[in-house]
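Enquirer: Shown below is the structure under consideration.
The values are calculated or read from the model by the stated rules, or taken from the named source; none is laboratory data. Everything numeric in this text was worked out from a predicted model, so none of it was measured. Here the Cβ is made from the backbone with ideal geometry for all residues, glycine too, and neighbour counts use every protein chain on show.
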Amino acid sequence: MKNIVLRGHHLLCTRLFIGNGYDEEFAVRMGEVVTKMELDNFSDGNKYEKTDMITLVCKSDYVCEKCPNRVEERGCKLGDKDVLQKDRLVLKYLGLEENKSYTLDEIKGIVRNIKREQFEEICGDCRWYKAGYCSYENL
Ligand code: SF4
């Protein structure tokens, strides 16, 4: 069984990822995770062992390891407060629990339940939303 640890708001980011990232290393890591989750929006073309469990956290995760904005073990150069709030809101609105593991199928089925106004509350101040890469319609 292959498990990935993901922070809450990355449930949205993985669904909307189309290959862009803060830098090449980050985009490659995100692409790997999205490919392992077998989401429709992106594949990096590699064959991985499929992920079948996702453990949800409200802190730095496997994707953050390759972020150029990461500071030491857990911190974020852009500030932690907003990003933690995004994590918590995603879990709250989807009825999911921090530090709990879910099957990939459970996660895939539930993410689309987020409402438009909730999505805009979570993503409205994100640079990728403002740049037009992420939209509720594509979730
Ligand atoms: S707008 Fe930002 S936080 Fe929201 S899904 Fe896109 S990249 Fe993730």
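Enquirer: Scanning the stretch 1-18 for residues that are aliphatic (A, V, I, L, M) and away from the ligand (no atom under 11 Å from the Cβ), which turns out nearest to Cys126 (Cα to Cα)?
Expert: So, considering only residues that are aliphatic (A, V, I, L, M) and away from the ligand (no atom under 11 Å from the Cβ), the one nearest to Cys126 (Cα to Cα) is Leu6.
Enquirer: Something else now. Condition test on Glu120, is it in contact with an Asp or Glu (Cβ under 7 Å, 6 or more places away or on another chain) and either within 13 Å of the ligand (Cβ to nearest atom) or modelled with pLDDT of 95 or more (or both)?
Expert: Criteria not met by Glu120.
Enquirer: Let me ask something else about it. Of the residues in the stretch 19-39, how many are of a type in the set (A, V, I, L, M) and near the ligand (Cβ under 10 Å from one of its atoms)?
Expert: Summing the residues that are of a type in the set (A, V, I, L, M) and near the ligand (Cβ under 10 Å from one of its atoms) in the stretch 19-39 gives 1.
Enquirer: Right, something else. Would the stretch 34-49 turn up any residue that is outside any helix (DSSP H, G or I) and in contact with a Phe, Trp or Tyr (Cβ under 7 Å, 6 or more places away or on another chain)?
Expert: yes
Enquirer: Which residues, taken from the stretch 19-37, are more than 25 Å from Gln85 (Cβ to Cβ) and either surrounded by 13 or more Cβ atoms within 10 Å (Cβ to Cβ) or within 13 Å of the chain's Cα centre (by Cα) (or both)?
Expert: Gly19, Glu25, Val28, Gly31, Glu32, Thr35, Lys36 - these are the residues of the stretch 19-37 that are more than 25 Å from Gln85 (Cβ to Cβ) and either surrounded by 13 or more Cβ atoms within 10 Å (Cβ to Cβ) or within 13 Å of the chain's Cα centre (by Cα) (or both).
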